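All of the numbers you see were taken from the coordinates with simple rules; none came from a lab. Everything numeric in this text was worked out from a predicted model, so none of it was measured. Heads up, the Cβs are rebuilt from the backbone with ideal geometry, glycines too, and the neighbour counts pull from every protein chain shown.
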Amino acid sequence: MIQINPDLCKGCYICIEICPKSVYIISNVTNDKDIKIPFPENEKDCITCHLCELECPDQAIYVEDKK
Amino acid sequence: MMSEEKKQNFITDEEKNPYIKYFRRDRLPTIFCSGCGIGITINSFLKGLESAEMNLNNISLVSGIGCSSRVPGYLKCDSLHTTHGRAISFATGLKVGNPDLNVVVFTGDGDASAIGGNHLIHAARRNINLTIICINNNIYGMTGGQVSPTSPEGSLATTAPYGSIDTPFNLIKLVIAAGATFAGRWTTAHPLQLSKTIKNGLLNDGFSFIEVVSQCPTYYGRKNKLKTPSSMIKMFKENSINKRRADNMSEEELLGKIIVGEFVNNPRKEFSEKIENLSITESGKNTIRKSAYKI
């Protein structure tokens, strides 16, 4: 499970660039700053490497380990 | 409208992110621009801190002036925001006054190498147990994009409209020549390697210098045809070469490349330990800690 905090996201899309499995896309959902929030569309491909958590400059991403 | 299924991915428990528990929650979101590399450096620092098994309660963060120097204000630990370029001088006083503290200095390229250049080389010469994390974005970001001592030759800036004509500083070579016992360089595209180097730097008993080549999409990127943060991350990935590979390459091949890795790790006697020994040999007792008065 991948969760994104819309209040903290500033829309830099580094997560889209850095993800080795291309999990994220730019969604149509916007936050109060009118920024299009990234969405984990291909979540089933996620290998829980936690790279997006580390590379998110605004601490907006949380990746839960798969059981 | 978002579907119920999508909604699930946006409901966020604030404390779930592994690094947010170290932040002062009321200060978030940070003032950094969208895509700034400072946030990535903070994450890598916190990961390095966790793997070094250190406690944030025993850490003091010191910073000078600049974008990078706002970091101590966001983390839940003792912090000191000092005058421009003098962060290392304040940190030296802090470390000598209380050698039990782990003192970490967050600084930028302008703060460390331009106005505070002299303090940097003398701290390296003394070998005082500080960990310097220098976030190098190749430009003065806070003041409007002026050319800095580390701007690459030919890069555009507000004060260099025809491209910078100076040879940039190589900060790693500078601190090694001045006597640093630990030096490493990574970019923001290598967060895992960076956290390992920060861990080694924190555990090193002596002067540790870690340079983080970071992106500034707002000023450096906009002027140098790298408008988005992701294009800058991509550029770092393509242009960085590990030290071991770079050793066998000629200077022409390395032109415009970023050499990354751990450069030096040769411990020698530390400054506050020398003061302690001096106090014992001269007066027969330890220096007084955490107090200006005799107990």
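Restriction of the chymotrypsin sites (Phe, Trp or Tyr not before Pro) in segment B:74-170 to DSSP coil positions whose beta-carbon has at most 11 other beta-carbons within 10 angstrom yields B:Y162. Electrostatic bookkeeping for B:E270 treats Lys and Arg as +1 and Asp and Glu as -1; over the other residues with beta carbon under 15 Å from its beta carbon, the sum is +2. Computed from backbone phi, the HN-Hα couplings of segment B:230-237 come to 5, 5, 6, 4, 5, 4, 5, 4 Hz, rounded to whole numbers (Karplus: 6.51 cos²θ - 1.76 cosθ + 1.60, θ = phi - 60°; Gly and Pro given as x). What you get for the protein assembly as shown, charging only the Cβ of Lys and Arg (+1) and of Asp and Glu (-1), is a dipole of about 620 debye around the Cα centre.
Normalised by the number of residues in chain B, the average gap of Cα pairs under 8 Å and 6 or more apart makes the relative contact order 17 percent.
Which shape class applies to segment B:153-295: rounded if a/c is under 1.5, otherwise prolate when a/b exceeds b/c and oblate if not, where a ≥ b ≥ c are the square roots of the Cα gyration tensor eigenvalues? Prolate, because a/c is 1.5 or more and a/b exceeds b/c. Using DSSP loop states and a limit of at most 16 other Cβ atoms within 10 Å to flag GluC sites (Glu not before Pro), what is the longest stretch of chain B containing no flagged site? Result for the longest clean stretch: B:54-152. Sequence-distant contacts, meaning Cα pairs under 8 Å at least 6 residues apart, place the relative contact order of segment A:2-63 at 42 percent. Our coupling estimate for segment A:38-50, obtained by passing each phi through the Karplus curve with A = 6.51, B = -1.76, C = 1.60 and θ = phi - 60°, is x, 10, x, 5, 9, 5, 5, 7, 4, 9, 6, 7, 6 Hz, Gly and Pro reported as x. Estimated from the Cβ-Cβ distance and a Förster radius of 30 angstrom, the FRET efficiency linking B:K274 and B:E50 is about 0.45. Relative contact order, whole percent, for segment B:155-228 stands at 31, derived from Cα pairs under 8 Å and 6 or more residues apart.
Peptide B:220-232 has a mean shielding of 2, counted as Cβ atoms of other protein chains within 10 Å of each residue's Cβ.
Mean-square fluctuations from a GNM of chain B, with a 10 angstrom spring cutoff on Cα atoms, peak among B:I65, B:I280, B:I133 at B:I280. Rounded to the nearest whole Hz, the Karplus-based 3J(HN,Hα) values (6.51 cos²θ - 1.76 cosθ + 1.60, θ = phi - 60°) of segment B:265-282 follow the sequence 8, 10, x, 9, 4, 8, 5, 5, 5, 5, 5, 4, 4, 4, 4, 5, 6, 7, with x at glycine and proline. With each label modelled as a point 7 angstrom along the Cα→C-beta vector, the B:N58-B:N170 pair spans 3.7 nm. Just check segment B:26-120 against the gyration tensor rule for me: Cα atoms, a ≥ b ≥ c as the square roots of the eigenvalues, rounded for a/c under 1.5, and otherwise prolate or oblate depending on whether a/b exceeds b/c. Oblate.
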